[in-house]
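No value in this document is a laboratory result; all are computed from the given coordinates. As the structure is a computational prediction, the values presented were derived from the model and not from experiment. For neighbour counting, all protein chains shown are included, and Cβ atoms are generated from backbone atoms with ideal geometry for every residue, glycine included.
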Amino acid sequence: MVYVKYDEYRNGVWLGTGYREIKFLIFDNPYYQTPAVKIDSIGLVNCSLNDSLSVTTCGGPISIPFFCNAAAPAILSVTDNHNVSLPGATISYSGSQTNYVSGTINWTPPASANGAYNLLITVFDSVCSLTPYIYSHSYVLKIYVSPGIDAGKIQSFVKVTRCS
């Protein structure tokens, strides 16, 4: 909002002072796109991809690489809740404060693990907008842990042939 003060004259004679109020509306980019978060299927270890944000594993140490991507010149930072949702997991990030952040989850599910584990990934996006607002987007990465297959008792069969 801008206020303009002016003096009004007529035929060189001062008549008075007036004030005008001018409002400016400034719009940010209306074509904002939310950042994408996807699992990088090439680097999966001991698990298989179900869809862009879920994997299935039968246990053992797993490694899940993922990435967060936004249109430049966005500045992304990423947080998660692995301390609560994936006990004992470690997550490392690279590329923070750029428009492409990659992360890797390393986790060994407990021996008794069975079912779905949900990791909440939150992406903060500055979008380099005119407003000081930081957009926050949350994504759920699902890890389905299937119980191992019990092959039962291992038996060996030996066929003995006698030659006489």
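Structure above, values below:
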{"item": "Mean separation of Cα contacts under 8 Å, 6 or more apart, over the residue count of the range 1-95: relative contact order %", "result": "19 percent"}
{"item": "Length gained when the stretch Leu53-Tyr3 is fully extended (0.36 nm per residue, less Cα-Cα span)", "result": "12.8 nm"}
{"item": "In the range 10-81, trypsin sites (Lys or Arg not before Pro) in a DSSP loop with at most 15 other beta-carbon atoms within 10 Å", "result": "Lys23"}
